[in-house]
Amino acid sequence: MGARLACALAVFWAFSPAPPANADDVFPDRIGINRVNLAWVSRADQKRVLKEIAASGITHVRLSLSRPVDKSIDALEIADRLGLKILIEIQLGNKDYYPAEVRPRTGFGRIWDVRRLSDLDLDLYRAQLRSALRRIDGMGIRIDAFEPGNEINYSAYNGDLVVYEKPGRQTPRSVSEIANRSDFERGLDAYVGAIRITREELQATVHNRGALLISAGLSDVGADEADFRGMERLDPDAFVSLLRERGIDALIDGYGIHVYPGRKGEAALARYVTALLDFCQPEGEGKPCWVTEWGIANTALSCPIDDREREGAIRAMRRVFGQRMAQRTLKAVFYYDWDTQPVYSVWRCGALSPAGVAATEPDAGEGSVR
């Protein structure tokens, strides 16, 4: 009887998940880089870019699931085989998620035309996502986290928010001032529906049922800049409140946010980031944030690069991020961009720039040097 009990207990322990030692084991910090839209380049270029990222000592990368989806998955396979941990941004602008008759909202030639979240067909989204996840699963690719949508609090990526034909008048400061409020709120409902579907479809996979789910990285475009551009937007904290009202906290592991502070002194950078991330909370009290994009510009494009000014600003940002991580209100930061945005990119002159090292080294938040 004792032997049978011991055997039964051994089987039970073998197939039971071990309890985590602490919250850090469940949600470790992530420091990474963005290289989105790899579906738009050749497989040879996909391999080259991802090998350069891995060889630079970077461990986490944010990639896209965009059209053509098969080529997006090719890039995921390369990254996974290189040992990179992957955050996938699911591009909700994909026309395969919408009825054929749906037409994008115009950007009047000042910004791209985009589809409305309120037109998102959740059945099409489920079918397309299921197909992609089955292929990813069948290839044995393991994904760290999924992030459906991008900057959906801003009219550049959410067609339910208006682009004015001509800039010059004040844009909304609250949801009550949004021009097409009913459509906008239907879009929020559709978005939370897409999050729920993503969670359900992940649970049906073999290799990625434990992947984390992060809400769309929100734009930090301010009211003055929105007025100048003539483009509706909402502050991230106000937008997150609307998602919370719709029950998103029960479905996600963190809130996505983007941070582009512009040229500021170190003290001003700290104030900006602190205020922007004020709504982020430790796991258990709410949801922590993931900075899925952040960047500091360097307009000097000559070689060799002079990255001293940007490196100082990036180290100041990393110190603020490090403080938030120590408080457990921030779980990830992914610098934007590796090599596609001339002034923000950190792959310069055939190497990772000093600012790129500062942006991606694991311990920069403590002020150390790799």
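The values are calculated or read from the model by the stated rules, or taken from the named source; none is laboratory data. Here the structure is a predicted model, which is why all the values come from computation and not from measurement. For neighbour counting, all protein chains shown are included, and Cβ atoms are generated from backbone atoms with ideal geometry for every residue, glycine included. We work out accessible area using only protein heavy atoms, side chains counted, and drop any ligands, DNA or RNA first. Shrake-Rupley method; radii C 1.70, N 1.55, O 1.52, S 1.80 Å.
Data table
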read-out: About the Cα centre, charge dipole magnitude for the chain (Lys/Arg +1, Asp/Glu -1 at Cβ), debye; value: 600 debye
read-out: Distance histogram in 5 Å bins (all Cα pairs of region 159-218, percent per bin); value: 4, 15, 17, 17, 14, 10, 9, 7, 5, 2, 0
read-out: Where the chain is the region considered: accessible area per residue in Å², 1.4 Å probe; value: 45 Å²
read-out: Radius of gyration and maximum dimension Dmax of region 93-170, Cα, Å; value: 15.7, 52
read-out: Matching label, Rg/Rh (Cα atoms, Kirkwood Rh) computed from the structure shown, candidates (i) 0.98; (ii) 0.96; (iii) 1.47; value: (i)
read-out: Ranked packing of 109-116, 78-85, most packed first, by mean Cβ within 10 Å; value: 78-85, 109-116
read-out: Globularity index of region 192-339, i.e. its alpha-carbon radius of gyration over 2.2 N^0.38 Å; value: 1.16
read-out: Volume per residue of the C-alpha convex hull in region 266-355, rounded to whole Å³; value: 89 Å³
read-out: Label-point separation in nm, Glu285 to Glu185, each point 7 Å along Cα→Cβ; value: 3.1 nm
read-out: Residue-averaged 222 nm ellipticity for the chain, from DSSP H runs of 4+ at -39500 (n - 2.57), nearest 500; value: -11500 deg cm²/dmol
read-out: Two-site label geometry, Glu177 and Asp306: point separation in nm, points 7 Å out along Cα→Cβ; value: 4.1 nm
read-out: Apportionment of accessible area to carbon and sulfur, the chain, percent (1.4 Å); value: 53 percent
